[in-house]
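One structure is given here, and the rest of the page talks about it.
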Amino acid sequence: MGSALYRNILREYGRVNQPKLIRDAAVKRNVLQTLESATRGLNRLDAVTKPLDGNTVKELLAKLQAPPLDKIADLKNLQHVVLGLEELAGPNDPEDRTFADQLRTSISRRVETGVSWRPGSMPLVRHGPYTA
């Protein structure tokens, strides 16, 4: 987890700059749960981007109008990027094509038809090994 995302979670959910300054057990639990959620989101992000080269990831992020991966500083942007990349990837059918091929095809179709991803355009429930 990047330091910007970590600091943002501490500030937003713990109202502190250092974890040792959190005194309330309920607030500590909330910060811990949020950090765990962010970790799951980062794992999902890694699973989506792992089979892709750096240039493809940059193109996808530009398509989503999202910040570079190392500049994600809050959960809202993390969720936007993860769900957007998963949506662009579409269903993963390894028998027919590789994940990267599916992703390129899906993006090409969207570019050709002028369809772009926008917040709220996909279901909240996602299937896969990681949940956020």
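The values are calculated or read from the model by the stated rules, or taken from the named source; none is laboratory data. Here the structure is a predicted model, which is why all the values come from computation and not from measurement. So basically every Cβ, Gly included, is an ideal-geometry build from the backbone, and we count neighbours across all protein chains shown.
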field: Within the range 70-81, considering residues that are assigned to a loop (DSSP other than H, G, I, E, B) and not acidic (Asp, Glu), the one farthest from Asp46 (Cα to Cα)
entry: Ala73
Residue that is modelled with the highest pLDDT [pool: residues in the range 83-95 that are over 14 Å from Leu52 (Cβ atoms) and part of a helix (DSSP H, G or I)]: Leu83
- request: Could you tell me whether any residue of the range 60-69 is touching a Leu at 6+ places or on another chain (Cβ under 6 Å), outside any helix (DSSP H, G or I), modelled with pLDDT of 90 or more and hydrophobic (A, V, I, L, M, F, W, C)?
  value: no
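Regarding the range 38-57, can at least one residue be identified that is farther than 22 Å from Leu88 by Cβ and part of a helix (DSSP H, G or I)?
Of the range 38-57, the ones farther than 22 Å from Leu88 by Cβ are 39.
Next cut, part of a helix (DSSP H, G or I) only: 39.
Looking through the range 38-57, at least one residue is farther than 22 Å from Leu88 by Cβ and part of a helix (DSSP H, G or I).
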statement: Those residues of the range 7-43 which are within 22 Å of Leu69 (Cα to Cα) and among the small types (Gly, Ala, Ser) amount to Ser37, Ala38, Gly41
